[in-house]
Amino acid sequence: MNRMNVYFYLLIALCVGVVGGVVVFVVVLPMGYCSATVVKTVLSQDNTRKMVVFQTGCGATTELYSHVGVFSPEKEISTDDAGNVTVLVEAAALDAAWVNPKTLLVTYGGSDVKVLKQERKIEDIQVQYQIH
């Protein structure tokens, strides 16, 4: 193998390494830092929907978001999901409970909680709030 072929193969290996490194830092690593943690899941009394309290975050340098969502019973929560009922910033005391199959009660503490979403109705379900 002559010297030009050796340099050519080294250049190809270097390019593959650089592209692979970029893919790891841009695509793979950010996915590993994000998480969705389910705190509570409760089926409605008629078993047609489930209420999920969950938190999402992407590491120590980002805010933690607390969510309440109403979904079909088969739905699995992922890092791409957001609560369709309530989304709060860093509210550890967020909770929810079914009052009846058509009414959901969401509770959270503190007047300093940053509210990003607070729906009063999701489809045919009424949502009530109690701040303590």
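The values are calculated or read from the model by the stated rules, or taken from the named source; none is laboratory data. It should be emphasised that the depicted structure is a prediction, and the values quoted were computed from it without experimental measurement. Note that we place each Cβ from the backbone using ideal geometry, even for glycine, and neighbour counts take in every protein chain shown.
Here are the numbers for this structure:
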read-out	value
Condition met for Val85 (under 27 Å from Asn47 (Cβ atoms) and assigned by TED's automatic domain parsing to the domain that holds Thr48)	yes
Residue count for region 102-112, restricted to those that are surrounded by 17 or more Cβ atoms within 10 Å (Cβ to Cβ) and at pLDDT below 95	1
Pairs with Cβ under 6 Å, 6+ apart, first in region 101-125 and more than 16 Å from Ala82 (Cα to Cα) and free of Cβ contacts under 8 Å to residues at least 40 places away in the same chain, second assigned to a strand (DSSP E or B) and charged (D, E, K, R)	Thr107/Asp95
Condition met for Thr79 (hydroxyl-bearing (Ser, Thr, Tyr), touching a strand residue (DSSP E or B) at 6+ places or on another chain (Cβ under 7 Å), over 18 Å from Leu105 (Cα atoms) and surrounded by fewer than 18 Cβ atoms within 10 Å (Cβ to Cβ))	yes
Scope region 83-101; condition part of a loop (DSSP other than H, G, I, E, B) and exposed (fewer than 15 other Cβ atoms within 10 Å of the Cβ); matching residues	Glu90, Ala92, Ala93
Of the criteria (1) outside any strand (DSSP E or B); (2) basic (Lys, Arg); (3) under 23 Å from His132 (Cβ atoms), which one Lys40 fails	(1)
Pair list, Cβ under 7 Å, 6 or more apart: region 80-100 residue at pLDDT below 90, other residue in a loop (DSSP other than H, G, I, E, B) and hydrophobic (A, V, I, L, M, F, W, C)	Glu90/Leu64; Ala91/Val113
